[in-house]
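Read through the structure below, which is laid out as C-alpha cells, and then see the notes.
The values are calculated or read from the model by the stated rules, or taken from the named source; none is laboratory data. Just so it is clear, the model here is predicted, and its values are computed rather than measured. Ideal geometry is used to build each Cβ from the backbone, glycine not excepted, and the neighbour counts take in all protein chains shown. The protein model used for the area step is the full one, side chains on, heavy atoms only, and it has no ligands, DNA or RNA in it. Shrake-Rupley method; radii C 1.70, N 1.55, O 1.52, S 1.80 Å.
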Amino acid sequence: MNLNASAPIIPPQQTPTFVDYISGNCELSMCVAIDFTGSNGDPRKPGTLHHFSHDGRMNCYEKAISAVGGILSKYDSNQRFPVWGFGAKYGGVVRHCFQVGREQEVLGVRGILDAYKGVFRTPLVMSGPTVFTEVIQVAASQAKSRQAANPLSYTILLLLTDGAVTDVEATKQALASVADAPLSIVIVGIGNADFSAMHFLDNFEQRSGMNRDIVQFVEFRAHEFDKTSLTRATLEEIPDQLVQFFYTRGIMPRPSQGISTSKIVVDDYNEEADIDLSMQYGDDGEIALNDSNSAYVDNSYEAGLGRLHVMPPPTAPHQSPTPAMVAPVQPQPQPFTFQVQVPVGVVPGMQIQVQHPQTGQMLIVTVPQGVNPGGIFNVAS
C-alpha cells in the first residue's frame, strides 16, 4: 500500500444552469401589466402611444407586446397569460390593478393584443398616478400560489409603462417585499419620455439590502429595430435571477425529460386595427372612453397580500333597441366535476394550480382539510 498517495479529489458540485432548469421540469409563466394613465395621450390622436391606426400600423404598446411578449412567451409552459391594467378610473375610482379582457387568462400573444384593444371599448377614464405596487403584489401572490403546486414554478411579470412611477419609495418597498417570491419583473419603457428617473432600478438590490435582483428595465425605443438587441436586453438578467432563486433554496432541476429548448423567435404582428372609439377628453387631462360594459375591476386589494386577486368581469345585460334583437337566454351549464390528487409536499389549506380537463384553463384551488399528499378531492368548475 502506498501511504504517500494523495486522496482522490472530489470535484465540486456544478451549479445548474438556466437550461438545466428549463429542461428539468421548470414551469415558467408570464403575466402582463399595461399602463392606461392619461400621460399616454388621447388615443384618438395619431402619434399618441395608445392610438390605433386604420392603415394597420401598430402603436407603441402593440409593438412592445408583440416583440417583448413574443420573446418571453416562448418559455411559458401553457401559453395562457393573465393581463392587467393600471392607472385608469372605473366608476370614478382610480384602479391600480384591473383585469384586461373578459377572461382571467388569454391565449398567446394574439390574445394579449386582443384583450388590450378591447379595453378601449369599455367605460374607462385614463387617469393617474402611475403606480406599480399593486400589479407587483398581485404577480408575486400568484407566483407563490403556483410554486405551492409545483416547487419548480417561476413567474415573469412584463410591465409596460410610458413613464416613471409616481412614488419611488413605495415602489422600492413593494419590490423588497416580494424579493422572496419566484418572480422576475421586466419593466419596458414605452415612447420618448425621459426614463432617467427609472435608474433607481439599476443595482437596486445592492443598495436596498435585498437578497436578490428581480428587476430588469428595458427602454423599448433603444432596441425597437434590432430584434437581437431587444432579445439580449430582455433576457439579460432573467436566467441568473431564476437560477439564483432555486439554487439558494436547494431546489434542483429534475432529470431531463427530453424537453428541447427551442430557438427564440420574435413573432411579427401586422393585423388590421380598426376600433371605433367613443371618448371624451377632459380639460383636467383625463381621457374618458365610453360605449361598453365589459370591464370590471376588483376593489379588494386592501385585503392583504395573501388574498390579492383580480376579479373577472361580470356578465352585463345586453340592451337592444328592439325586442327582436334581444339574444335568447341560454341555459346555465351544469358544473363539471373532476378529481385532483394532492402532490407530495402539499398540505391541507395550500393553494395549487390544476388544469381543467375540458377547457384546458389553469385553475387555482385550495386543498381541503383532511386531504393529505396522495389523497384525492373533487373540484367543481
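Ordering ARG57, ARG110 by accessible area with a probe of 1.4 Å, largest first, what comes out?
ARG57, ARG110
Please list HIS54, HIS223 in order of solvent-accessible area, largest first, computed with a 1.4 Å probe with all protein chains present.
HIS54, HIS223
Quick query: amide H of GLY191 versus all other amide H atoms, modeled in the peptide plane; which residues come in under 5 Å with a sequence gap of 5 or more or a different chain?
Sorted by chain and number, the residues that satisfy this are ARG221.
Between THR155 and residues 5 or more places away or on another chain, which pairs have amide H atoms under 5 Å apart, with H built 1.01 Å from N, and which residues are they?
Sorted by chain and number, the residues that satisfy this are SER29, LEU183, SER184.
Roughly how far apart, in whole Å, are the Cα centres of the stretch 85-117 and the stretch 16-61?
12
Looking at the stretch 6-161, what % of its DSSP beta bridges pair antiparallel, to the nearest 5?
DSSP beta bridges in the stretch 6-161 are roughly 40 percent antiparallel.
Mind listing the phi-derived Karplus ³J(HN,Hα) values for the stretch 153-162, rounded to whole Hz, using 6.51, -1.76 and 1.60 with θ = phi - 60°, and x for any glycine or proline?
Those phi angles translate into 10, 9, 10, 10, 9, 9, 10, 10, 8, 9 Hz.
Quick one: which residues, 5 or more positions from SER53 or on another chain, have an amide H under 5 Å from its amide H? H modelled 1.01 Å from N in the peptide plane, none for Pro or chain starts.
Residues meeting the amide H criterion: ASN59.
Tally up the carbon and sulfur contribution to the accessible surface of the stretch 17-130 as a whole percent, 1.4 Å probe, everything protein left in place.
Carbon with sulfur: 52 percent of the solvent-accessible area.
With r defined as the distance between the Cβ atoms of THR48 and ALA170 and R0 fixed at 22 Å, what FRET efficiency is calculated, to the nearest 0.05?
In this case the efficiency is close to 0.20.
Tell me, what HN-Hα J-couplings in whole Hz come from the Karplus equation 6.51 cos²θ - 1.76 cosθ + 1.60 at θ = phi - 60° for each residue of the stretch 81-98, using x for Gly and Pro?
Each residue of the stretch 81-98 in turn: 10, x, 10, 10, x, 8, x, 10, 9, 10, x, x, 10, 5, 10, 9, 6, 9 Hz.
Of LYS45/LYS89; LYS74/LYS172; LYS172/LYS227; LYS89/LYS227, which pairs sit farther than 24 Å apart, going by alpha carbon to alpha carbon?
LYS74/LYS172; LYS172/LYS227; LYS89/LYS227
Where Lys and Arg each count +1 and Asp and Glu each count -1, what net charge lies around HIS50 among other residues with Cβ under 11 Å from its Cβ?
Once positives and negatives cancel, what remains is -1.
Using mean Cβ contacts within 10 Å as the protection proxy, how do 46-53, 80-87, 58-65 order, highest first?
My ranking of the peptides, most packed first, is 80-87, 58-65, 46-53.
Counting only protein chains, not ligands or nucleic acids, how are LYS74, LYS172 ordered by accessible area (probe 1.4 Å), most first?
Most to least solvent-accessible, the answer reads LYS74, LYS172.
Mind listing the phi-derived Karplus ³J(HN,Hα) values for the stretch 218-235, rounded to whole Hz, using 6.51, -1.76 and 1.60 with θ = phi - 60°, and x for any glycine or proline?
After applying 6.51 cos²θ - 1.76 cosθ + 1.60, I find 10, 8, 4, 5, 6, 10, 4, 9, 9, 5, 5, 5, 5, 4, 5, 5, 5, 9 Hz.
If you roll a 1.4 Å probe over the heavy atoms of the protein chains, what accessible area per residue do you get for the stretch 1-134, in Å²?
41
Quote the accessible area belonging to THR155 in square angstrom, nearest 10, computed with a 1.4 Å probe and with ligands, DNA and RNA left uncounted.
Accessible area, nearest 10 Å²: 0 Å².
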